[in-house]
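**Student:** Dropping the structure in here first, questions after.
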Amino acid sequence: MEQGKYSFWVWLFYFILFEVVVYMGLSYLLSGLGESNQLQAENTVVPNWVKAVVFILLYLLSLLIAIMVVSNMVPNKHRGQLMRWVYMALLGLPVMLLLLFN
């Protein structure tokens, strides 16, 4: 985490790239789970609940792996700044869930 003029924007680009890649990968991976038609007579709650829980768990796993990799790459004095990106990723999780089911 450099102290340069554009370092925030570079890390923001990496963050958005990570979020897009993880979302696209997980949505492709979980495309067979759940029901796409919510307005049918049968119960669609259980398959969609499974899809949501699996998405959340895999997202948190990928976030944890990314934090471990980046934490090992940055100097000790900048590791405290990683939590800002973690909180932003956790705030983006409900948005990704909404996009997943729409």
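**Student:** Pairs, please: C-beta under 9 Å, at least 6 apart or cross-chain, first residue over 13 Å from Y23 (Cα atoms) and in the stretch 49-74, second among the aromatic types (F, W, Y) and at pLDDT 90 or above?
**Tutor:** Taking only residues 6 or more apart or on different chains, the pairs are A66/F18.
**Student:** Any residue at all in the stretch 76-97 that's more than 15 Å from the chain's Cα centre (by Cα) and not in a helix (DSSP H, G or I)?
**Tutor:** No, the stretch 76-97 contains no residue that is more than 15 Å from the chain's Cα centre (by Cα) and not in a helix (DSSP H, G or I).
**Student:** Here is a list of conditions, (1) at pLDDT below 80; (2) under 10 Å from the mean Cα position of the chain (by Cα), and L58 meets all of them except one; can you say which number that is?
**Tutor:** (1)
**Student:** So M24 clears everything in (1) modelled with pLDDT of 90 or more; (2) surrounded by 11 or more Cβ atoms within 10 Å (Cβ to Cβ) except one condition, right? Which one?
**Tutor:** (2)
**Student:** How many residues does the stretch 14-34 hold that are hydroxyl-bearing (S, T, Y) and not in a helix (DSSP H, G or I)? Step through it out loud before you land on a result.
**Tutor:** Of the residues in the stretch 14-34, the ones hydroxyl-bearing (S, T, Y) are 14, 23, 27-28, 31.
Still in the running and not in a helix (DSSP H, G or I): 31.
Qualifying residue count for the region: 1.
The values are calculated or read from the model by the stated rules, or taken from the named source; none is laboratory data. Note that this is a predicted model, so its numbers are computed, not measured. So basically every Cβ, Gly included, is an ideal-geometry build from the backbone, and we count neighbours across all protein chains shown.
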